[in-house]
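Single-structure report; data block below.
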Ligand SMILES: Nc1ncnc2c1ncn2[C@@H]1O[C@H](COP(=O)(O)OP(=O)(O)OP(=O)(O)O)[C@@H](O)[C@H]1O
Ligand SMILES: [Mg+2]
């Protein structure tokens, strides 16, 4: 049921109760006034007849029924009383005439039942007959009924007017609610641009302002959320692409390293062996040739070492053959060889075999880049590398810290790729990368990589 109908029903109920009370009071007052009127008119009639009879007796003549009938006939109707004169045998000698007032009309029976007072017939005995006086309330009842009907018709008209007015006013006053309801339904459907107009009333005006502010805030936060979800998706895609690129780069490097090692390595070894044999054979007969051949042996040896270095940089063979732990030991050893003034401490807290290919190569590249950075930038005399599994075994933790000059982490040049590359690699795999340092206090890199076991036991 709409609020408008409820208001109308409530007003109808209140008006109905009020009208009922007025009608009840009116009926009560009518009943009392009719009774008083009848009593008064009966009293007057009795006094009148009493006086006439007493007067006749005083004159010594007394009054006969016939004389009384003539008097009554002359008198006519006395107010609301029916007067009858009967002789001693019960024959009617006189009957008062009917009232002409509103003749032919009567109040409805239920109204008569409700309002009519109980009437009592008064009797006066005269010699040779009897007069009966019976009050007749029917005319008063018609009057009362007429005035009550007028009142009811008036009330009905008033009732109808009030209803129409209230219905119209309630419709006008509650019109903003429909606008609010429409706007709320729009918001429910996700149409956050929904607004309501500024209504003229104070309460609805304030409500409209509050609603519009709320809708605006929801719209903004929703578009922010959409935007940040879009950015997060973009970031996820970028990281996936970075991880894919890294994977391809590593595969290329591995293929290149194998080619270098197998093809060029074999060739250089062959050149070295042949030059060495030429030098051996030319030692007696052609010393100049021997010198040249030995030079070739020397250059071939250097080429072989350089090639080996390149192969190690491109792809740590030990990683494929011996696993992460040995590859890291080899990396630490070659770092010590290249920079003997830097002490490299490698601490492997746990068994690191069985990790997947991507975790292995990522861990190796991170340690490699960190050691290179320490050697190139730190001016440190100690670097400590610690690797181990997290307590729940789900992550590989890597920490590299040196005691060098430190750096300003936020001031890395845009053209520098090492730190950025490490961070992107780690994020691409869903891990975390933290570099902490301040000038003069060394650098500490902490990485956590999710572990995917290669060969679960
Ligand atoms: N261990 C460290 N101690 C002091 N400074 C460092 C250390 N590691 C990095 N830095 C500083 O941070 C900068 C960024 O390092 P990053 O590895 O990104 O670049 P890079 O080593 O200079 O060049 P590349 O791109 O070849 O790695 C370095 O240029 C250096 O100034
Ligand atoms: Mg670097």
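A compact table of results
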| quantity | calculated |
| --- | --- |
| Out of 178, 150, 200, sole residue that is closer than 24 Å to residue 17 by Cβ and either assigned by TED's automatic domain parsing to the domain that holds residue 106 or out of contact with any helix residue (DSSP H, G or I) (no Cβ under 8 Å at 6 or more places or on another chain) (or both) | 150 |
| Verdict on residue 447 being away from ligand 1 (no atom under 11 Å from the Cβ) and in contact with a helix residue (DSSP H, G or I) (Cβ under 7 Å, 6 or more places away or on another chain) | yes |
| Yes/no for residue 327 being in a helix (DSSP H, G or I), at negative phi and buried (at least 17 other Cβ atoms within 10 Å of the Cβ) | yes |
| Qualifying residue in region 74-92 (condition: modelled with pLDDT of 90 or more, more than 13 Å from residue 126 (Cα to Cα) and buried (at least 16 other Cβ atoms within 10 Å of the Cβ)) | yes |
| Some residue of region 417-435 being within 18 Å of residue 330 (Cα to Cα) and within 16 Å of ligand 2 (Cβ to nearest atom) | no |
| Leading residue by the ranking (nearest to ligand 2 (Cβ to nearest atom)) among those in region 351-384 that are closer than 10 Å to residue 400 by Cβ and within 52 Å of the chain's Cα centre (by Cα) | 369 |
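Here's the yes/no breakdown for (1) touching a strand residue (DSSP E or B) at 6+ places or on another chain (Cβ under 6 Å); (2) exposed (fewer than 14 other Cβ atoms within 10 Å of the Cβ); (3) more than 30 Å from residue 220 (Cα to Cα):
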residue	(1), (2), (3)
98	no, yes, yes
101	no, yes, yes
116	no, no, yes
129	yes, no, yes
133	yes, no, yes
151	no, no, yes
168	no, yes, yes
173	no, no, yes
181	no, yes, no
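The values are calculated or read from the model by the stated rules, or taken from the named source; none is laboratory data. Just so you know, these numbers come straight off a predicted model, no measurement behind them. Cβ atoms come from the backbone with ideal geometry, glycine included; neighbour counts cover every protein chain shown.
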